[in-house]
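Chemist: What follows is a single structure, and I will ask about it in a moment.
Any read-out appearing in this document is the output of simple, stated calculations on the displayed coordinates, not a laboratory observation. Every value quoted in this text rests on a predicted model; they were computed, and no experiment measured them. Virtual Cβ from ideal backbone geometry, glycine too; neighbours counted across all protein chains shown.
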Amino acid sequence: MADKSAKNPGSAAGPWYVDSSCIGCSLCVGTAPATFAMSDDGSAAVVIKQPAGADELELAAQAMTDCPVGAIGNDN
């Protein structure tokens, strides 16, 4: 389960986040590219835009479910 007190810096403000347990596998980027991207140094994912609309929310939720280390969180 993601830890909201360990959010990766550089993410868009809002309920969705990636925490420091991210291993940089980029699965979330491939699943929900409108929401997630790799950090500038490529070491971890960040939220580039909070998901909006049913399609983006569904993809972000799928990325959260599929994340191999549980690094994606949603405060809602």
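Chemist: Taking the Cβ of each residue in I72, I23 as the centre, tally the other Cβ atoms inside 10 Å and list the residues starting with the fewest.
Modeler: Final ranking by Cβ density, sparse to dense: I23, I72.
Chemist: Taking Cα centroids, how far is segment 38-73 from segment 1-27 in Å?
Modeler: 8 Å
Chemist: Of [x] 24, 63, 14, 0; [y] 19, 58, 20, 2, 0; [z] 19, 44, 22, 13, 1, which is the value of P(r) over Cα pairs in 10 Å bins from 0, in percent derived from the coordinates here?
Modeler: Computed from the coordinates, P(r) over Cα pairs in 10 Å bins from 0, in percent corresponds to [x].
Chemist: Still on this structure: Explain nothing, just the number: relative contact order of the chain, from Cα pairs under 8 Å at least 6 residues apart, as a whole percent.
Modeler: 39 percent
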